[in-house]
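In what follows, a structure is listed as structure tokens, so that the remarks can point back to it.
Every number here is computed from the coordinates shown, using simple stated rules; none is lab data. Because the structure is a prediction, the values reported are computed rather than measured. Here the Cβ is made from the backbone with ideal geometry for all residues, glycine too, and neighbour counts use every protein chain on show.
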């Protein structure tokens, strides 16, 4: 309830800014995901042996970062916000 | 690049393959019943109607352009050459199944199985969008999934695409392996389900003002549990047909495939039942059903390449993952997934793909076509590349397509439709006589 009140009392500009920040974070997350995939594919195409394994794992790590951003960008639902 | 056309199958294999493929719709019927049972009674007819429309749209979209882009080994394809190696990224067949002899040839069987598989993948998002996903938007989203997303990834795995050629080109085991569609059907469908759940948002009344989820129990456990049994029959056919057709497994090995599929589902369901019994005092029917489906999904990737004990182990892990994943999505991520589709299909499928690298015994050829030594131990790396492709490419693709669709044609029903129920609002008639409808569902939360 307190959180709802804080959202309601927040100046409109700040609230809109918060929403666009969330959208920006979502967009960034969805750009980082294919970037991680690109690292994986490039590692497969250009490297062999241990470096290949390391870069594939690094690419997966970048994807995990992107996924975390996308998850954080979808806010926790409180009440009927839809 | 044109690889050697797949040789014609012996008559017995062809007949068995057709029989296996004809079992696949049971999997769709099972998923439909599960989704309907886990949703509200006032949206049950809408969900069944949506399922029928989804299967229809998927079949048509796959017929028009899906198979042309998925293709089959030996059919024309677009290939990029990087460092002297071919990256086969999409088939280039004619639309409308033209020039394809529908006579029991491997390519024609692939088209038939692909049509059912596209329909199955398209049914999965209905579980996460239940009770609030408009029928027209469902149909449009299905056209995108069955006409583009599914065929593209299926080509990479089953149509001689670059993932399948990772072994041939880069010495990673035998390339990405998915015998029964854990990735191509289940994870692709599950990630689309996640995108739909994010885009639609939760059902009204699902979350309190404090952010805590309210329980909205499914309306018919009998549907859900009977759907599980139907799905098992469908999965026997799906895993067997796929293993024979895509991986060249001898049809007699369908016995091993069926045993592994059953054991994985059984182990996953019992694990889910035990976990919920331990945590909540009583076994939870819906989570046990989700565990069962998660076990079926996880069994798909490695069903033809593991011993039964390994299949049971894969099922146990799937049961644990699915049970906790359902809770994590609902509590931590505020994702309202009434059918548990994301956990059972996406999480279970990714685990299934990984399990190939961990448990499967696959003899990799010692030399590739260029006469270079193959890296037999790189199978797990090939599976990781496949998982990275699903999360890093398929998820943004399917989310982006559905986000664009949502901008053009809003996917969520109006608030009045949700309050009234999807049956009355969109179809004009309910699934049940008024006396059977759960009156408490109309209570304002």
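Where the Cα atoms of the range B:146-199 are projected onto their three principal axes, how long is each span, largest first, in whole Å?
Here the spans come out as 40, 19, 18 Å, largest first.
Would you report the distance distribution of C-alpha pairs in the range B:149-256 as whole percents per 10 angstrom bin, up to the bin with the largest distance?
With 10 Å bins starting at 0, P(r) equals 12, 27, 29, 18, 12, 2.
Rank-order B:336-348, B:150-162 by packing density, defined as the average count of other C-beta atoms within 10 Å over each peptide's residues, highest first.
Ranked by mean Cβ neighbours within 10 Å, highest first: B:336-348, B:150-162.
Tell me the angle of helix B:188-200 to the major Cα principal axis of chain B, expressed in degrees between 0 and 90 and rounded to the nearest ten.
Compared with the principal axis, the helix lies near 30 degrees.
Residue by residue through B:290-301, how many Cβ atoms from other chains fall within 10 Å of the Cβ on average?
The per-residue average across the peptide is 0.
Relative to the longest principal axis of chain B, what angle (0 to 90°, nearest 10) does the C-alpha long axis of helix B:44-61 take?
Result, in degrees: 20.
Shielding of A:37-48 by partners, i.e. mean partner chain Cβ atoms within 10 Å per residue?
Rounded to a whole number, the mean comes out at 5.
For the residue pair residue B:136 and residue B:81, what label-to-label distance in nm results when each label sits 7 Å from Cα along the Cα-to-beta-carbon direction?
4.9 nm
Could you tell me how many cubic angstrom of Cα convex hull volume the range A:31-75 has per residue?
37 Å³
Across all directions of projection, what mean area in square nanometres is found for the Cα convex hull of the range B:229-293?
The orientation-averaged projected area of the Cα hull of the range B:229-293 comes to 4.4 nm².
Based on C-alpha coordinates, I'd like the Rg and Dmax of the protein assembly as shown, in Å.
Just the Cα atoms of the protein assembly as shown yield Rg and Dmax of 22.6, 74 Å.
Would you please give the FRET efficiency between residue B:210 and residue A:35, computed as 1/(1 + (r/R0)^6) with r the Cβ-Cβ distance and R0 = 30 Å, to the nearest 0.05?
After rounding to 0.05, the efficiency reads 0.25.
Among the DSSP beta bridges whose two residues both lie in chain B, what percent are antiparallel, rounded to the nearest 5?
Approximately 90 percent, going by the DSSP bridge assignments.
Please identify, among B:314, B:64, B:124, the residue showing maximal mean-square fluctuation in a Gaussian network model of chain B using a 10 angstrom Cα cutoff.
Of B:314, B:64, B:124, the Gaussian network model singles out B:64 as fluctuating most.
Would you mind estimating how fast the range B:39-142 diffuses translationally, via Stokes-Einstein at 37 °C and 0.692 mPa s with the Kirkwood radius over Cα pairs, in µm²/s?
For the chosen part, D equals 213 µm²/s.
Would you order B:139, B:303, B:228 from fewest to most other beta-carbon atoms within 10 Å of each residue's own beta-carbon?
Fewest to most other Cβ atoms nearby, the residues stand as B:139, B:228, B:303.
Once the Cα gyration tensor of the range B:11-436 is found, what semi-axes does its equivalent ellipsoid get, as square roots of 5 times the eigenvalues, in whole Å, sorted largest first?
Value: 34, 24, 20 Å, ordered largest first.
Could you work out how much longer the chain between residue B:103 and residue B:89 gets when fully extended? Use 0.36 nm per residue separation minus the Cα distance between them, nm to one decimal.
Gain on extension, residue B:103 to residue B:89, equals 2.3 nm.
For the range B:70-129 and the range B:260-318, what is the separation of their C-alpha centers, rounded to whole Å?
Their Cα centres are 30 Å away from one another.
Taking only DSSP H segments of four or more residues, each worth -39500 (n - 2.57), what value at 222 nm results for chain B once the sum is divided by all its residues, to the nearest 500 deg cm²/dmol?
-18000 deg cm²/dmol
Of all the C-alpha pairs in the range B:194-343, what % are more than 28 Å from each other?
The answer is 26 percent, as a whole percent.
Quick one: helix B:221-247 against the long Cα principal axis of chain B, what's the angle to the nearest 10°, folded into 0 to 90?
10 degrees
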